[in-house]
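Take a look at the structure below.
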Amino acid sequence: LNFFLFFSFTVLFLRIILNIKLDLPLHFDEAQYWDWSQNLDWGYFSKPPLLAFLIRMITELCGNGESCIRSLSPFLHFSTSLIIFYSVYLLTMNFKKAFFGSVLFLFMPGISFSSFLISTDVPLLFFSSLIALCIIKIFNSKQNPFLFFSLLGLFFALGFLSKYAIFYLLLSFLFSAVIDKECRYLFFNKIFLFSIIITIILILPNLIWNYNNEFVTLSHTASNANLSHIKINILQGIIFLLSQSFIFGIIPFLYLSKKTLSFLSFNAIQKVFLITFILPIFIVFLLAIFSRANANWSVVGYPFACILLPT
């Protein structure tokens, strides 16, 4: 445990130092997010508002320099790795496996690259890992799952305010409930509905903002998918799948694909986590075939995969 903490803090420190030394100018999207942070609102043209609020918080602490703004990325990725470590440990009671899951996330090619950028995927992955932890706690809780269902609603809301792709998780949970009896007890009950109610209440300001602005963010998201110009392109789907293997890591991606063959022997948590990793990729894969898709559109399930692999 001490080695893991030392190792993780060292990676965090090195990535922050590299951000300072590289001193790269902000990319267009990053500059746009910073501009939003100077004019806080409950929504923006292309994204929900949470990243703008986070940037505003960090710039109030250390200024408006590029390295300050981007320091959010290594810090949140570091925090996500801690959550993954704890989640794997809860499932396995094994520090080595927990360390493996955490390092798998920290050194994932996509995460290593993302640590030098600030984007909506950074808080999305953080809240995705917290949702995964809540699911583990709910499955393991014998007495008071109400607290963890409440936290689940909170983290869903914060994930939604980070990026709308959080809904892939909800679809994955519902799909797992359809195909597995034990998952059905978890997701088809009144307490889970309470989580959804909490989420709706907390995201209401963003929904009202969208309503007052003709649902411009949702329209932009649909426009990105280019669903009005559907055409079949198998090659684009193959390219998308290859991009997932490069972002997640070729060897872990192949190993997890092989592990899918043992799906029927998985316990309920393993089934939920595998579906949560695969379903977003499958949905975006279909988008890639029939329209268009970016490689990062399905990353919301990656923390679940990092927890699943060592178990």
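The values are calculated or read from the model by the stated rules, or taken from the named source; none is laboratory data. Keep in mind the model is a prediction, meaning the values are calculated, not measured. Here the Cβ is made from the backbone with ideal geometry for all residues, glycine too, and neighbour counts use every protein chain on show. We work out accessible area using only protein heavy atoms, side chains counted, and drop any ligands, DNA or RNA first. Shrake-Rupley method; radii C 1.70, N 1.55, O 1.52, S 1.80 Å.
So that you can scan it fast, the table gives a plain yes or no per residue for (1) among the polar types (S, T, N, Q); (2) at negative phi; (3) assigned to a helix (DSSP H, G or I):
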residue	(1), (2), (3)
Asp29	no, yes, yes
Asn64	yes, yes, no
Ile69	no, yes, yes
Ser79	yes, yes, yes
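Select from the range 152-197 the residues that are under 19 Å from Thr80 (Cα atoms), buried (at least 19 other Cβ atoms within 10 Å of the Cβ) and not aromatic (Phe, Trp, Tyr) and list them in ascending order.
Leu152, Gly153, Ala157, Leu158, Gly159, Leu161, Ser162, Lys163, Ala165, Ile166, Leu169
So Ile138 fits all but one of (1) open to solvent by less than 20 Å² (accessible area, probe 1.4 Å); (2) farther than 18 Å from Phe304 by Cβ; what number is the exception?
The single condition Ile138 does not satisfy is (2).
Are there any pairs with C-beta distances below 8 angstrom linking a residue in the range 250-269 that is among the small types (Gly, Ala, Ser) to a residue that is surrounded by 14 or more Cβ atoms within 10 Å (Cβ to Cβ) and at pLDDT below 90, with the two at least 6 apart or on different chains, and if so which?
Once the first residue is among the small types (Gly, Ala, Ser) and sits in the range 250-269, its partners that are surrounded by 14 or more Cβ atoms within 10 Å (Cβ to Cβ) and at pLDDT below 90 give Ala268/Phe139; Ala268/Asp180; Ala268/Glu182; Ala268/Cys183; Ala268/Leu186.
Give the range 242-252 a look and list any residue that's of a type in the set (A, V, I, L, M, F, W, C) and either buried (at least 16 other Cβ atoms within 10 Å of the Cβ) or under 30 Å from Phe139 (Cα atoms) (or both), or say none. Talk me through it step by step, then tell me what you get.
Step one: of the range 242-252, the residues of a type in the set (A, V, I, L, M, F, W, C) are 242, 246-248, 250-251.
Answer for the range 242-252, where residues must be of a type in the set (A, V, I, L, M, F, W, C) and either buried (at least 16 other Cβ atoms within 10 Å of the Cβ) or under 30 Å from Phe139 (Cα atoms) (or both): Ile247, Phe248, Ile251.
Tell me which residues, restricted to the range 253-283, are of a type in the set (Phe, Trp, Tyr) and either open to solvent by less than 70 Å² (accessible area, probe 1.4 Å) or within 22 Å of Phe107 (Cβ to Cβ) (or both). It would help to see each step written out before you state the result.
The initial filter retains those residues of the range 253-283 that are of a type in the set (Phe, Trp, Tyr), namely 253, 255, 263, 266, 273, 277, 282.
Residues satisfying the conditions are Phe253, Tyr255, Phe263, Phe266, Phe273, Phe277.
Taking the range 280-311 only, how many residues are farther than 20 Å from Leu174 by Cα and among the small types (Gly, Ala, Ser)?
4
Between a first residue in the range 6-25 that is more than 14 Å from Ser115 (Cβ to Cβ) and a second residue that is at pLDDT below 95 and acidic (Asp, Glu), which pairs have beta carbons less than 7 Å apart while being 6 or more apart in sequence or on different chains?
Matching pairs, first to second residue: Asp23/Glu66; Pro25/Glu66.
Restricting attention to helices (runs of 4 or more DSSP H) lying wholly within the range 98-203, give those where 1 or more residues are more than 27 Å from Asp29 (Cα to Cα) and either over 12 Å from the mean Cα position of the chain (by Cα) or at pLDDT below 95 (or both).
On the way: elements: 109-114, 121-140, 145-162, 167-179, 181-187.
Filter on the range 98-203 gives 121-140, 145-162, 167-179, 181-187.
Collect the residues in the range 45-76 that are surrounded by fewer than 23 Cβ atoms within 10 Å (Cβ to Cβ) and either basic (Lys, Arg) or closer than 20 Å to Leu309 by Cβ (or both), keeping them in residue-number order.
Hits for the range 45-76 are Lys47, Arg56.
Give me a count of the residues in the range 35-44 that are free of Cβ contacts under 8 Å to residues at least 40 places away in the same chain and either open to solvent by 20 Å² or more (accessible area, probe 1.4 Å) or hydrophobic (A, V, I, L, M, F, W, C) (or both).
Residues of the range 35-44 free of Cβ contacts under 8 Å to residues at least 40 places away in the same chain: 35-40.
With either open to solvent by 20 Å² or more (accessible area, probe 1.4 Å) or hydrophobic (A, V, I, L, M, F, W, C) (or both) added as a condition, the list becomes 35-36, 38-40.
Result for the range 35-44: 5.
Go through (1) touching a helix residue (DSSP H, G or I) at 6+ places or on another chain (Cβ under 7 Å); (2) within 19 Å of Leu274 (Cα to Cα) one by one and return the number of the condition Val178 breaks.
(1)
Just checking, how many residues over the range 1-24 are exposed (fewer than 13 other Cβ atoms within 10 Å of the Cβ) and modelled with pLDDT of 90 or more?
The total comes to 9.
If you check Phe105 against the conditions, is it crowded, with 21+ Cβ neighbours inside 10 Å and more than 25 Å from Trp34 (Cβ to Cβ)? Can you show your working first?
Working: crowded, with 21+ Cβ neighbours inside 10 Å: yes; more than 25 Å from Trp34 (Cβ to Cβ): yes.
Taking the combined requirement at face value, the residue satisfies it.
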